[in-house]
Structure formats: structure tokens, C-alpha cells
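Working notes for the structure below.
Quick note: the coordinates plus some simple rules give every number you see, no bench work behind them. Since the structure is predicted, the reported quantities are computational estimates derived from the model, not experimental observations. Using ideal geometry, Cβ is built from the backbone for each residue, glycine included, and neighbour counts are taken over all protein chains shown.
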């Protein structure tokens, strides 16, 4: 079984292709190019909101946050679909508040180009199962509890490397232009979820409807 886990990076996207016990790190400016580089895979898991809400906040984030006591703030609210058409942050914030009753964080606004990239790619019917995953939720599921050390700290990085290795994922984190070490480790974590999804073992947040991939966060 071959799967692809994907995380955003400064260059665009970084992916970890996991085929049996082998891993390959791939980098591309667009999600379409990254998946094409990966070749045939059984599932793709991406750390980006998929299937944006129209008129109410998603349930996925509400179910994911309790999995991360002390680190629940790492789970951002998905923006409203209308935000994809906004020309600037002021317009996006107003549109999000009108649609969902919530303001839009600057962090989420900075993710909009990547959200749009994935949204546009999915409209092409890529022919592979694609699900949303949150790396910290994935790591917590692997570990049986939340990882308390931040991913950019020395202890946090070491803990994530050990956890991935314990689950058969050893990845090359050599320096790459536009790609941070934690980006690669996060992509590897989503690859773990992609394999679980392909095998029918992944947990859906919220749990129902089980046979509908999105909107949901998988682990």
C-alpha cells in the first residue's frame, strides 16, 4: 500500500510518500504537482481544511480540540467558503463573520491561498481518496495522548521523530529550501493517517457519517 501525507511549507507543499517501509519526501509549489510527483497512491491526507462551511462553523474542529488538552489552540476554525473570493483580509473577515458569526484570524487568512489551491484541485476529480488531517491530532492518536512539547522545540522534534519511527515512518529531514523540519514531520504524521484511512482504520471526527470523507478531520 502506498499513501501520501501532505503539509504546507514556504515553497508550497511537502509530501511524504509511504510505501511499505520506504518513505520519500517530495516538494512542489502546487498540490496538483505534488500528487503527480508521488505517482499512484491509495489515499492522500492533507493538513488543510477541506469542504468549507457555508453558514455555520464545522463540527470537525469542535471534535478535534478535546484531543489536544493544553494545545487545542493549534486547531484553527475553517473559514467560510465565501472567504475564497475575498480580495483582502478586511473583506474576508467581514464575509466570515457574516457567514459563520465568527471573525477570521490572520493565521487562517494566510492559509487561504493553500486552501484555494486544494479546493481548485479537488474540483478536477483527482481520482484518489483525499481526506483532511491535523498533524497534532495524528501525533496524539499515535501516542495515545497529546504531545505537550511544541513541534519546533528540540524535545518536541525528538518526541515526534521517535513516535514516527515506532510506527514505521523514518523520514529524511535534510535541509531543503523552503521546507522546515517540522513540515516534513507533520507530513509524515498525515501519511500515517492516510494509510489508516486506506485500510479502513482511521478515526473520523466527527464520527458520523462514517462513509462521507468531508468535512471531517481524520486520525
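Here are some notes:
- Projecting label points 7 angstrom from Cα along Cα→Cβ for residue 73 and residue 149 puts them 2.1 nm apart.
- Computed from Cα atoms, the angle from the helix 181-198 axis to the main principal axis of the chain rounds to 90 degrees.
- In summary, region 155-219 shows an alpha-carbon radius of gyration equal to 1.30 times the 2.2 N^0.38 Å reference for compact globular proteins.
- C-alpha long axis of helix 89-100 to longest principal axis of the chain, angle in °: 80 degrees
- With a simple spin-label model that places each label point 7 Å from the Cα along the Cα-to-Cβ direction, the separation between residue 1 and residue 210 comes to 1.6 nm.
- Bridge orientation summary for the chain: considering DSSP beta bridges with both residues in this region, about 70 percent are antiparallel.
- Compared with the alpha-carbon gap, the fully stretched path from residue 62 to residue 89 is longer by 7.3 nm at 0.36 nm per residue.
- Translational diffusion coefficient (Stokes-Einstein; Kirkwood radius from C-alpha pairs) of the chain at 10 °C, 1.306 mPa s, in µm²/s: 92 µm²/s
- Convex hull projection area averaged over all views, region 54-143, Cα basis, nm²: 6.7 nm²
- Cβ-derived FRET efficiency at R0 35 Å, residue 102 paired with residue 176, nearest 0.05: 0.50
- Principal-axis analysis of the Cα atoms of the chain puts helix 106-122 at an angle of about 80° to the longest axis.
- Helix-derived mean residue ellipticity, 222 nm - over the chain, DSSP H n ≥ 4, -39500 (n - 2.57), to 500: -11500 deg cm²/dmol
- Inter-label distance for residue 158 and residue 110, nm, one decimal - labels placed 7 Å from Cα along Cα-to-Cβ: 2.8 nm
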